[in-house]
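Quick notes on the structure that follows.
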Amino acid sequence: MSDKKPRRYASWTAGKLPLPELLEMKRRGEKIVMVTAYDAPAGRLADEAGVDLILVGDSSGMVVHGRESTVAVTLDEILVMTQWVTRGAKRPIVIADMPFGSYEASDEQAIANAVRLVKEGGADAGKLERAGTSIDRARAIVGAGIPVMGHVGLTPQTATVLGGFKAQGRTAERAQQLIEDAKALEAAGCFAVVLEAVPPPVAAAVTRALTVPTIGIGAGPDTDGQVLVWHDMLGYYEGRAPRFVKRYADLGEVITDALAKFADDVRTGAFPEEQHTYAMPEEELKAFETKPKSPQPG
Ligand code: KIV
């Protein structure tokens, strides 16, 4: 990353984007851009593209590891991916998702695991799902000096309780509860709150109710920022993407075409060509080719 401001950045500071800048961006009405990433090249590309926040999401369990849900993702998996991503991304704030089972049991458990993500993973912040007991956990982690992002609405880690991967906040009562939950997370010290799969008017109301930014995914246009999952938005995932995903590329097709061409080239002998091989000095080659062959065993 150079120190010259790329045109794509809404807000520019050389080096790591300072966390308080997110509040300023909300105040100025500048949209915050967040994407998930799971390895070093993705971190570098997101940085070069001018993305503000990178989430090392437990969505990796589905889009990278091919699981049916995010529930089985472990802290060690997120930890390793966070190390990879932070090697590639310098300017964006890197947020490590706290996977299911890594923060629910106690404040002590939540703090210890958040500390690992920061100390060993290089994360700038953690993210946890739900309100309820997560409000105390968020407060505890923030109290330990680690920034926390909240996540309400559709919370995939507890999708079973919600009745599946379904939109949330669709009744007046549930919508009001969502506002209260988001406000409680803000009061606990969260620096931002993800709103997933909620009707746009509800997301807009939450956004107005909070001082800290909201980051929407399937929450309409009025949140302070937007996040999409890397594999979904780049067409690099064979599953069915949710309706809120916009595809910006079809990497799956690009990769399949490239692999099919490679397979053809190997089978027809079109690959490798001379440019893909290593030369040896002419005289060495001659000596090698004229040297009597060593006797064969037997
Ligand atoms: O894990 C993830 O990718 C997420 C986003 C959908 C916000 O939590």
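Scanning segment 136-145 for residues that are surrounded by fewer than 21 Cβ atoms within 10 Å (Cβ to Cβ) and either of a type in the set (Val, Ile, Thr) or in contact with a helix residue (DSSP H, G or I) (Cβ under 7 Å, 6 or more places away or on another chain) (or both) yields Asp136, Val142, Ala144. Scan segment 258-298 for residues that are closer than 30 Å to Asp232 by Cβ and open to solvent by less than 80 Å² (accessible area, probe 1.4 Å) and the total you get is 3. Taking the condition modelled with pLDDT of 95 or more, away from the ligand (no atom under 16 Å from the Cβ) and among the acidic types (Asp, Glu), does Asp222 pass? Criteria met by Asp222.
Residue-wise test of (1) farther than 26 Å from Ser134 by Cα; (2) among the acidic types (Asp, Glu).
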{"site": "Glu173", "(1), (2)": "no, yes"}
{"site": "Leu185", "(1), (2)": "no, no"}
{"site": "Phe191", "(1), (2)": "no, no"}
{"site": "Ile215", "(1), (2)": "no, no"}
{"site": "Gly218", "(1), (2)": "no, no"}
{"site": "Gly225", "(1), (2)": "no, no"}
{"site": "Pro242", "(1), (2)": "no, no"}
{"site": "Val245", "(1), (2)": "yes, no"}
{"site": "Arg267", "(1), (2)": "yes, no"}
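Would you please name the residue that is nearest to Gly57 (Cα to Cα), looking only at residues in segment 130-162 that are of a type in the set (Gly, Ala, Ser) and within 16 Å of the ligand (Cβ to nearest atom)? Filtering first and then ranking leaves Gly150.
Results for (1) at pLDDT 95 or above; (2) open to solvent by 10 Å² or more (accessible area, probe 1.4 Å); (3) within 12 Å of the chain's Cα centre (by Cα), shown as yes or no for each residue.
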residue	(1), (2), (3)
Ser60	yes, no, yes
Leu75	yes, yes, no
Ile78	yes, no, yes
Gln83	yes, yes, no
Arg91	yes, no, no
Val94	yes, no, yes
Asp107	yes, yes, no
Leu117	yes, no, no
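The single condition among (1) in a loop (DSSP other than H, G, I, E, B); (2) more than 12 Å from the ligand (Cβ to nearest atom); (3) of a type in the set (A, V, I, L, M, F, W, C); (4) open to solvent by 30 Å² or more (accessible area, probe 1.4 Å) that Phe165 does not satisfy is (2).
The rows are residues; the columns are (1) open to solvent by less than 30 Å² (accessible area, probe 1.4 Å); (2) touching a residue at least 60 places away in the same chain (Cβ under 8 Å); (3) of a type outside the set (Lys, Arg); (4) closer than 15 Å to Val51 by Cβ.
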| position | (1), (2), (3), (4) |
| --- | --- |
| Pro199 | no, no, yes, no |
| Ala203 | yes, no, yes, no |
| Val206 | yes, no, yes, no |
| Leu210 | yes, no, yes, no |
| Pro213 | yes, yes, yes, yes |
| Asp222 | no, no, yes, no |
| Gly225 | yes, yes, yes, yes |
| Val229 | yes, yes, yes, yes |
| Met233 | no, yes, yes, yes |
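A Cβ distance below 6 Å, combined with a sequence gap of six or more or placement on separate chains, defines the contacts here; from segment 33-50, residues that are at negative phi reach residues that are within 13 Å of the ligand (Cβ to nearest atom) and open to solvent by 50 Å² or more (accessible area, probe 1.4 Å) in the pairs Tyr38/Val64.
Within segment 122-134, the set of residues being free of Cβ contacts under 8 Å to residues at least 60 places away in the same chain and either hydrophobic (A, V, I, L, M, F, W, C) or open to solvent by less than 30 Å² (accessible area, probe 1.4 Å) (or both) comprises Gly126, Leu128, Glu129, Ala131, Ser134.
The values are calculated or read from the model by the stated rules, or taken from the named source; none is laboratory data. Here the structure is a predicted model, which means the values were calculated and not measured. Backbone-built Cβ (ideal geometry, glycine too); neighbour counts: all protein chains shown. Areas reflect the complete protein model, heavy atoms only, side chains present, ligands, DNA and RNA absent. Shrake-Rupley method; radii C 1.70, N 1.55, O 1.52, S 1.80 Å.
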